[in-house]
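Data block below; observations after.
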Amino acid sequence: MAEGTVLLEAKTSSILDFERFVDGVDFLEPGERDRLKVAGGEILDNIVKHASPLYLRRIRARAARRGSTLMLGFYFRAPSFASFACGEPLSGAAEPLFDPAFRRWRGIGLVMCRNLARKVVFRPGEMMDRIFLEF
Amino acid sequence: MTQLDIIVRNEHHRLLLSVSGPINSYTFTDFQEKVYKAIAQMDTAVDMEHVTALSSAGIGVIMTAMEDAETTGHGFAIVNPSEIVRLAIESTGFGDRFPVVKTLKQA
């Protein structure tokens with residue numbers, strides 16, 4: 001099994017570190033790299049925005065290939081994220097909505113993740129919360 | 001490349017924004033500001049050949065710009081998108097609604 005990991009700080013600029021990490025994972029094909037970057041970036045963005053305060057303010061990301069399956073996992077500890085994620089259909093159908101107050105579209109990121117990954121799973125835990133994407 | 005660079009120039013009565021680098025939740029505000037300003041003024045084309053990442057924040061800016069273009073009557077096009085931009089657009093599930101063209105002449 002090939003794998004790579006990176007430790008990220010819980011801040012918006014960590015998306016740049018995550019993209020650099022994905023660029024440096026040597027077992028990815030170019031198309032896979034793009035998929036991980038786009039889908040993983042959306043998940044990381046959600047964790048940073050909705051999981052604060054994070055325990056130790058750190059998120060671990062791990063990319064791994066097992067056979068023909070490519071996995072991307074995010075590991076963090078944040079009691080508040082589980083309650084947020086309960087209202088977010090990580091694998092169900094949801095339509096993006098336009099927020100006129102902020103002139104922003106909401107909910108596009110998770111739609112993108114669902115369409116890019118074969119599976120998106122959130123597993124809350126007492127010691128660690130985990131989000132897995134399977135490609 | 002971790003920095004977003006946007007060069008704006010007037011070309012044949014149209015604003016051309018040449019974007020390089022990642023458009024993500026950390027960098028998208030500069031993209032948003034320049035695209036919204038451009039589309040309010042005149043026809044706008046965004047060259048995305050050298051974009052290295054595109055998040056939902058960037059997709060949202062493009063979608064809002066498409067609506068602004070309809071409202072103002074100005075043209076709007078995405079020119080020669082990189083592979084990752086194409087992937088991000090397709091992943092929305094309604095990629096066919098985005099005004100993507102291969103060359104500036106087609107815009």
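Nothing in this text is a laboratory measurement; each read-out follows from the coordinates by a stated rule. These numbers come from a predicted model, not from an experiment. No Cβ is skipped: glycine too gets one built from the backbone with ideal geometry, and neighbour counts run over all protein chains shown.
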Environment charge of A:P53, counting only residues whose C-beta is closer than 14 Å and scoring Lys/Arg +1, Asp/Glu -1: +3
Per-residue ellipticity at 222 nm attributable to helices in chain A (runs of n ≥ 4 DSSP H, -39500 (n - 2.57) apiece, nearest 500 deg cm²/dmol) works out to -11500 deg cm²/dmol
Euclidean distance between Cα centres, segment B:1-51 to segment A:17-77, Å: 27 Å
Determine the principal axes of the Cα atoms in segment B:5-106, then give the extent along each, sorted from largest to smallest and rounded to whole angstroms. 31, 27, 23
Least to most buried among A:R35, A:R20, A:R118 (fewest other Cβ within 10 Å first): A:R118, A:R20, A:R35
Using a 10 angstrom cutoff on alpha carbons, build the Gaussian network for chain B and name the most mobile of B:F76, B:F28, B:F94. B:F94
What's the exposure ranking of B:T92, B:T29, going from fewest to most Cβ atoms within 10 Å? B:T29, B:T92
Once you keep just the Cα pairs under 8 angstrom separated by 6 or more residues, what percentage relative contact order results for segment B:5-106? 26 percent
Cα-based Rg then Dmax for the protein assembly as shown, in Å, read 18.1, 61
Name the residues whose placed amide hydrogens come within less than 5 Å of the amide hydrogen of A:L8, ignoring near sequence neighbours (fewer than 5 apart) on the same chain. A:I59, A:R60, A:A61
Report the relative contact order of chain A, percent, no decimals, based on alpha-carbon pairs under 8 angstrom and at least 6 residues apart. 25 percent
Report the net charge of residues surrounding B:S82, where surrounding means a beta-carbon distance below 15 angstrom and charges are Lys +1, Arg +1, Asp -1, Glu -1. -3
Could you give each residue of segment A:11-21 its phi-based ³J(HN,Hα) in whole Hz, using Karplus coefficients 6.51, -1.76, 1.60 with θ = phi - 60°, and x for Gly or Pro? 8, 4, 5, 5, 4, 5, 5, 5, 4, 5, 4
Integer Hz, Karplus 6.51/-1.76/1.60 couplings in order for segment B:5-17, x for Gly and Pro: 10, 10, 9, 10, 9, 8, 9, 6, 6, 9, 8, 10, 9
Counting only other residues whose beta carbon sits under 10 Å from that of A:E3, what net charge do I get with K and R as +1, D and E as -1? +3
